[in-house]
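Worksheet: one structure, shown below.
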Amino acid sequence: VQLQASGGGSVQAGGSLRLSCAASGRTFSNYAMGWFRQAPGKEREFVAAISRSGSKTDYADSVKGRFTISRDNAKNTVYLQTNSLKSEDTALYYCAAQSSWNDQPYRSRYDYWGQGTQVTVSS
């Protein structure tokens, strides 16, 4: 499956961005989806995940209550709504897909990765 992330940009602290990740090539609803991020000089970290159907989600503690992951299986797209952004949210954000036999979100073991979209938050 091919993944194309978009929607990043530069915002002031407290602002919002909606990231999108469009998938192609395989049956999108067979994949659990996730968002990860990597800041300069830091390791890539888990941000949020959503199950195949979209009924179950999981969030890193650092973004819980501020970010919302969702998906539209008819449009082969997963979203990450980011609100109340902080300077520490500045990073390159990646979407990822995992072929999943059950309807659970995952924090690891993703098979496919997008190219990343940059989010920069200024204070």
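What are the pairs with Cβ atoms under 6 angstrom where one residue, in the stretch 81-95, is within 15 Å of S10 (Cβ to Cβ) and among the hydrophobic types (A, V, I, L, M, F, W, C) and the other, located anywhere, is crowded, with 22+ Cβ neighbours inside 10 Å and modelled with pLDDT of 95 or more? Sequence gap at least six, or different chains.
Hits for this filter: A91/R37.
Determine whether the stretch 53-64 contains at least one residue that is surrounded by 16 or more Cβ atoms within 10 Å (Cβ to Cβ) and in contact (Cβ under 8 Å) with a residue 60 or more places away in the chain.
no
A quick yes/no check of all residues on (1) surrounded by 13 or more Cβ atoms within 10 Å (Cβ to Cβ); (2) touching a helix residue (DSSP H, G or I) at 6+ places or on another chain (Cβ under 8 Å); (3) in contact (Cβ under 8 Å) with a residue 60 or more places away in the chain:
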| residue | (1), (2), (3) |
| --- | --- |
| A13 | yes, yes, yes |
| R18 | yes, no, yes |
| A22 | yes, no, no |
| G25 | no, no, no |
| F36 | yes, no, yes |
| R44 | yes, no, no |
| V47 | yes, no, no |
| I50 | yes, no, no |
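Please go through the stretch 65-75 and give me each residue that is surrounded by 15 or more Cβ atoms within 10 Å (Cβ to Cβ) and more than 23 Å from Q118 (Cβ to Cβ), ordered by number.
Answer for the stretch 65-75, where residues must be surrounded by 15 or more Cβ atoms within 10 Å (Cβ to Cβ) and more than 23 Å from Q118 (Cβ to Cβ): just N73.
Which residues, counting only those in the stretch 1-11, are part of a strand (DSSP E or B) and open to solvent by 30 Å² or more (accessible area, probe 1.4 Å)?
Passing the criteria: Q2, Q4, S6, S10.
Under 7 Å between Cβ atoms, which residue pairs at least 6 apart in sequence (or on different chains) link something in the stretch 100-111 that is more than 11 Å from G34 (Cβ to Cβ) with a partner that is of a type in the set (A, V, I, L, M) and surrounded by fewer than 11 Cβ atoms within 10 Å (Cβ to Cβ)?
If the second residue must be of a type in the set (A, V, I, L, M) and surrounded by fewer than 11 Cβ atoms within 10 Å (Cβ to Cβ), no pairs are left.
Quick check: is even one residue across the stretch 85-107 among the basic types (K, R), surrounded by fewer than 21 Cβ atoms within 10 Å (Cβ to Cβ) and farther than 22 Å from K42 by Cα?
No, the stretch 85-107 contains no residue that is among the basic types (K, R), surrounded by fewer than 21 Cβ atoms within 10 Å (Cβ to Cβ) and farther than 22 Å from K42 by Cα.
The values are calculated or read from the model by the stated rules, or taken from the named source; none is laboratory data. Values in this document were obtained by computation on a predicted structure and should not be read as measured data. No Cβ is skipped: glycine too gets one built from the backbone with ideal geometry, and neighbour counts run over all protein chains shown. Please note that ligands, DNA and RNA were not included when accessible areas were found on the heavy atoms of the full protein model with its side chains. Shrake-Rupley method; radii C 1.70, N 1.55, O 1.52, S 1.80 Å.
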